[in-house]
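Report on the structure given below.
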Amino acid sequence: MMSDTIQKLGEIGIIPVIAIEDAATAVSLGQALLDGGLPCAEITFRTAAAADAIRQMSAAHPDILVGAGTVLTTAQAAQAKEAGAKFVVTPGFDVRVVDWCLANDMPITPGVMTPTDINQALAKGLDILKFFPAEAAGGIKTLKAIGGPYVGVKFIPTGGIGENNLADYLRLPMVHACGGSFMVKKQWIAEGQFDQIRRVAETAVHIVNTVRREK
Ligand code: 3PG
């Protein structure tokens, strides 16, 4: 059964993928996302500040669904949970991280790129999967081809998605939501350009809503 959290990510439609260098920026960043109409965030374990940033954003903004991204080890998954993360995203399919999340009631969207990866996820009862790296792995063409045999599997394409191609991905029936870092560029966070982040978040939300109205 789909967790409420993963279902909510599908309703939101777009997940900002964030690398935070200074955890103190997490609260303002969260406010910018909320102001832009985007109540979720995937804070990646690419920086040492990840767990602290998850903690600060979750505490200040209970309305934001804060998750942990780039989770490569069970230790990071445990840190993410302890910090208050509501979901875990991994770039590839790691059975140890998946098993840890399943055993610890942590919703997870593991990364997949090939049919073999998808089979492994299905064997664990998971059918909402990150498709990574989306554009480099053939993008929409590959997703359409994979969607043939894997009826019922939904994907969160991430990697190379921006304002230019977001709508095309969202129109695919097998797409649950899209992920991307384009709304929260590192430089904008570092320079405190939160208004810029709010504006791009607003544009992304507008694209999601426009595609929804078409359906
Ligand atoms: C990820 O961690 O999911 C990706 O690196 C995000 O890809 P993007 O930076 O191309 O959006």
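Please go through the residue pairs Lys86/Lys215; Lys8/Lys141; Lys186/Lys215 and name each one whose alpha carbons sit more than 32 Å apart in this structure.
Over 32 Å apart, Cα to Cα: Lys186/Lys215.
Please give the direction-averaged projected area of the C-alpha convex hull for the stretch 1-138, in square nanometres with one decimal.
That works out to 7.9 nm², a quarter of the Cα hull's surface.
Quick check: residue separation of Ala59 and Asp195 times 0.36 nm, minus the Cα distance between them. What number comes out in nm?
Stretched out fully, the Ala59 to Asp195 stretch lengthens by 46.8 nm.
So what's the back-of-envelope 222 nm ellipticity for the chain, counting only DSSP H runs of four-plus at -39500 (n - 2.57) apiece and dividing by all residues, rounded to 500?
Numbers: 10 runs with 98 residues, N = 215.
Dividing the helical sum by the residues of the chain leaves -13500 deg cm²/dmol.
Taking amide H atoms as placed 1.01 Å from N in the peptide plane, list the residues 5 or more away in sequence, or in a different chain, whose amide H sits under 5 Å from that of Val112.
Close amide H contacts, sequence-distant or interchain: Lys130, Phe131, Phe132.
Ignoring ligands, DNA and RNA, how do Phe131, Phe93 rank by accessible area with a 1.4 Å probe, largest first?
Reading off the accessible areas and sorting them downward yields Phe93, Phe131.
Which residue, Pro133, Pro115, Pro157, has the most motion in a Gaussian network model of the chain that connects Cα atoms within less than 10 Å?
Pro115
Starting from 0.36 nm per residue, how many nanometres of slack lie between Arg96 and Leu72 once their C-alpha separation is accounted for?
Extra length available between Arg96 and Leu72 comes to 7.7 nm.
The values are calculated or read from the model by the stated rules, or taken from the named source; none is laboratory data. This one's a predicted model, so the numbers in the text were calculated from it and none came from an experiment. Surface areas here come from the heavy atoms of the whole protein model, side chains and all, with no ligands, DNA or RNA. Shrake-Rupley method; radii C 1.70, N 1.55, O 1.52, S 1.80 Å.
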